[in-house]
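The values are calculated or read from the model by the stated rules, or taken from the named source; none is laboratory data. Note that the structure is predicted; figures quoted are calculated from it, not measured. Positions of Cβ are backbone-derived with ideal geometry, glycine not excepted, and every protein chain shown enters the neighbour counts.
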Amino acid sequence: MPDNTPCSTAAPVPDPTDIESIAADTALEILSNERRRYVLQCLPPVDNPMALADLADEVAALENGTGTADVSKEDSKDVYVSLSHADIPKLADADIVEYDQVQNTVTLTQNAAELRPLLEVVDDWPL
């Protein structure tokens, strides 16, 4: 039976050997949004694309405190639209993710590793 918990596969920390520096203001702006933090938590390791629809289900589940099987189609659609029009483009502009519009997939870049320590701090310190 499949595991329906959101973000059930904990991604290992990407190898930080080839990272471009992310400006502090950009990093803080990215992490100031809970939905973008959920995206970073849910995406699999670098070079492992995830379908945007699956990512939307995972993020909606986290936002609703439920498993992915219990997410309503409306909630998932709302998250999908937000991700595709706002959050993923912002992450792509910062070179934290790559968005393939043809395949409709999202992939972490090597630069995402630079945010991992900040992400852990933000999770411990409510905004």
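For the reader, a short list of remarks on this structure follows.
- You will find that of ASP54, ASP93, the residue that is surrounded by fewer than 20 Cβ atoms within 10 Å (Cβ to Cβ) and over 13 Å from ARG36 (Cβ atoms) is ASP54 and no other.
- Meets criteria (at pLDDT 80 or above and either loosely packed, with under 14 Cβ neighbours inside 10 Å or in contact with a strand residue (DSSP E or B) (Cβ under 6 Å, 6 or more places away or on another chain) (or both)) for ASP3: no
- Helices (runs of 4 or more DSSP H) fully within region 26-127 that include at least 2 residues being of a type in the set (Ser, Thr, Tyr): 73-82.
- Unmet criterion (only one of (1) closer than 19 Å to GLU29 by Cβ; (2) surrounded by fewer than 20 Cβ atoms within 10 Å (Cβ to Cβ)) for PRO45: (1)
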